[in-house]
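The values are calculated or read from the model by the stated rules, or taken from the named source; none is laboratory data. Computed from a predicted structure; not experimentally measured. All Cβ positions, glycine included, derive from the backbone under ideal geometry; neighbour counts span all protein chains shown. Each accessible area value is taken on the protein alone, full model and side chains, heavy atoms only, with ligands, DNA and RNA left out. Shrake-Rupley method; radii C 1.70, N 1.55, O 1.52, S 1.80 Å.
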Amino acid sequence: MMSTEHGVGVRLEGVVHLYHLPEAEVVALRGVDLDVDAGEIVALLGPSGSGKSTVLGLVAGILRPSAGRVLVGPHELNRLGARQVAALRGRTVGVVLQEPARNLLPYSTALDNVEFARAACPRRLRRKLPTAAQLLEVLGLGAVTRQVCGRLSGGEQQRVSIAVAVAAAPALLLADEPTSQLDAASRSAVVELLRDVRERVGSTVMMVTHDPAVAAALPRTVTIRDGRVGAEGHRGEEFAVVGRDGAVQLPPDVLDRFPAGTLLRVVRRGDVVEFRAAEPADPDEAPA
Ligand code: ADP
Ligand code: MG
């Protein structure tokens, strides 16, 4: 039976994020609007550098938006002080960082890492989850439970990181490319486990992935392109998304036909809206 009383929803409204470098400013997000329901499981897709990790960092409260609002449940993170954000993160949010070693205590064993996380989880939730040893077992780590994490391979550390995040039964689980170093079988085990924790305790899950097979296994995908939400997939169907400012990003296959600068005529017939390219300009008449 699915329960969602534990999960929290996430909302980003007009979120802009700049990174300040000594020489320049990098605009990582340029107006992201996104709603994730409590208990939903969502894949974030998009090319490298499109802003996926920045979205996750903002929702985790690790980064602060330059503009816009970030809500986790009823809490507007951009209005909270650093200490309140840290408390909320500890209580509500589980994060699996992109660099697997950063999620783990390197001198503790895999089992101890998972046990520590589990000990912090309220008992009423803990009872609904597998034991630490079982979590490691379903991720194919039964043979390395007593090894210290610093000695494990990248792929093993990734899976221990997932077990640690799941063991805490967070209301919101954020994972940044947690399957990048895994083979197909381990990737499915991770996806299965994330779906399972969502079924058992109702956690909301947001997961960044490059892997089409992982994304296809999840009911909703959100594609970030050039610092905005470009498209959404729902159960295999792709949709373009209208942004708060009215901007729409065209899917890549459509963009091939309508390169940047193409003039489009918007034709409306009731609910149906069509885009038609204006007649191509006569090259002989191009301005000198
Ligand atoms: P993704 O996770 O989709 O690969 P990121 O969110 O990491 O993308 O990065 C989005 C943009 O912000 C990229 O142009 C990246 O170079 C830049 N960026 C990310 N982190 C930093 C940082 N700490 N300092 C400066 N620029 C950054
Ligand atoms: Mg990233």
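Taking segment 108-130 as the region of interest, how many residues are open to solvent by less than 60 Å² (accessible area, probe 1.4 Å) and either under 18 Å from ASP196 (Cα atoms) or in a loop (DSSP other than H, G, I, E, B) (or both)? If you could, list the steps in order and put the result at the bottom.
Step one: of segment 108-130, the residues open to solvent by less than 60 Å² (accessible area, probe 1.4 Å) are 108-111, 113-114, 117-118, 121, 125, 129-130.
Subset that is either under 18 Å from ASP196 (Cα atoms) or in a loop (DSSP other than H, G, I, E, B) (or both): 108, 114, 117-118, 121, 125, 129-130.
Of the residues in segment 108-130, 8 are open to solvent by less than 60 Å² (accessible area, probe 1.4 Å) and either under 18 Å from ASP196 (Cα atoms) or in a loop (DSSP other than H, G, I, E, B) (or both).
Please verify whether segment 150-163 includes one or more residues that are farther than 25 Å from VAL72 by Cβ, of a type in the set (A, V, I, L, M) and either touching a strand residue (DSSP E or B) at 6+ places or on another chain (Cβ under 8 Å) or not in a loop (DSSP other than H, G, I, E, B) (or both). Steps first, please.
Step one: of segment 150-163, the residues farther than 25 Å from VAL72 by Cβ are 150-157, 159-160.
Next, from what is left, pick out any that are of a type in the set (A, V, I, L, M): 152, 160.
Next, only the ones that are either touching a strand residue (DSSP E or B) at 6+ places or on another chain (Cβ under 8 Å) or not in a loop (DSSP other than H, G, I, E, B) (or both) stay: 160.
The answer is yes, given that some residue of segment 150-163 is farther than 25 Å from VAL72 by Cβ, of a type in the set (A, V, I, L, M) and either touching a strand residue (DSSP E or B) at 6+ places or on another chain (Cβ under 8 Å) or not in a loop (DSSP other than H, G, I, E, B) (or both).
Of all the strands (runs of 3 or more DSSP E) wholly in segment 190-277, which have at least 1 residues that are over 30 Å from GLU156 (Cβ atoms)?
Details: elements: 204-208, 220-225, 228-234, 237-240, 264-269, 272-277.
Ranges flagged: 220-225, 228-234, 237-240, 264-269, 272-277.
Across segment 90-104, which residue is most open to solvent (accessible area, probe 1.4 Å) among those that are touching a strand residue (DSSP E or B) at 6+ places or on another chain (Cβ under 9 Å) and more than 16 Å from ligand 1 (Cβ to nearest atom)?
Across segment 90-104, the extreme among qualifying residues is ASN103.
Looking only at segment 46-62, filter to residues that are open to solvent by 40 Å² or more (accessible area, probe 1.4 Å) and in contact with a strand residue (DSSP E or B) (Cβ under 8 Å, 6 or more places away or on another chain); which one of those is nearest to ligand 1 (Cβ to nearest atom)?
Here is the first cut: in segment 46-62, the residues open to solvent by 40 Å² or more (accessible area, probe 1.4 Å) are 47-49, 53, 62.
Now drop any that are not in contact with a strand residue (DSSP E or B) (Cβ under 8 Å, 6 or more places away or on another chain), which leaves 47, 53, 62.
On the way: PRO47: 7, SER53: 3, ILE62: 11 Å.
Per the stated criteria, the residue is SER53.
Is segment 141-163 home to any residue that is within 21 Å of MET206 (Cβ to Cβ) and modelled with pLDDT under 95?
Within segment 141-163 (the criterion being within 21 Å of MET206 (Cβ to Cβ) and modelled with pLDDT under 95), the answer is no, since none of the residues qualifies.
Of everything in segment 150-180, what is away from ligand 1 (no atom under 16 Å from the Cβ) and either farther than 23 Å from ARG126 by Cα or acidic (Asp, Glu) (or both)? Give them in sequence order.
Residues satisfying the conditions are GLY150, ARG151, LEU152, SER153, GLY154, GLY155, GLU156.
What's the number of the condition VAL205 fails, among (1) under 21 Å from the mean Cα position of the chain (by Cα); (2) under 24 Å from VAL59 (Cα atoms); (3) open to solvent by 40 Å² or more (accessible area, probe 1.4 Å)?
Of the numbered conditions (1) under 21 Å from the mean Cα position of the chain (by Cα); (2) under 24 Å from VAL59 (Cα atoms); (3) open to solvent by 40 Å² or more (accessible area, probe 1.4 Å), the odd one out for VAL205 is (3).
Within the bounds of segment 30-42, is there any residue that is free of Cβ contacts under 8 Å to residues at least 24 places away in the same chain and either closer than 17 Å to VAL166 by Cα or within 16 Å of ligand 2 (Cβ to nearest atom) (or both)?
no
Quick one: which of GLN181, GLN134 is more than 18 Å from THR221 (Cα to Cα), assigned to a helix (DSSP H, G or I), among the polar types (S, T, N, Q) and open to solvent by 50 Å² or more (accessible area, probe 1.4 Å)?
Details: GLN181 fails: assigned to a helix (DSSP H, G or I).
From the options GLN181, GLN134, the qualifying one is GLN134.
Answer yes if at least one residue in segment 6-24 is touching a Phe, Trp or Tyr at 6+ places or on another chain (Cβ under 8 Å) and within 16 Å of ligand 2 (Cβ to nearest atom), and no otherwise. Steps first, answer last, please.
The initial filter retains those residues of segment 6-24 that are touching a Phe, Trp or Tyr at 6+ places or on another chain (Cβ under 8 Å), namely none.
No, segment 6-24 has no match at all.
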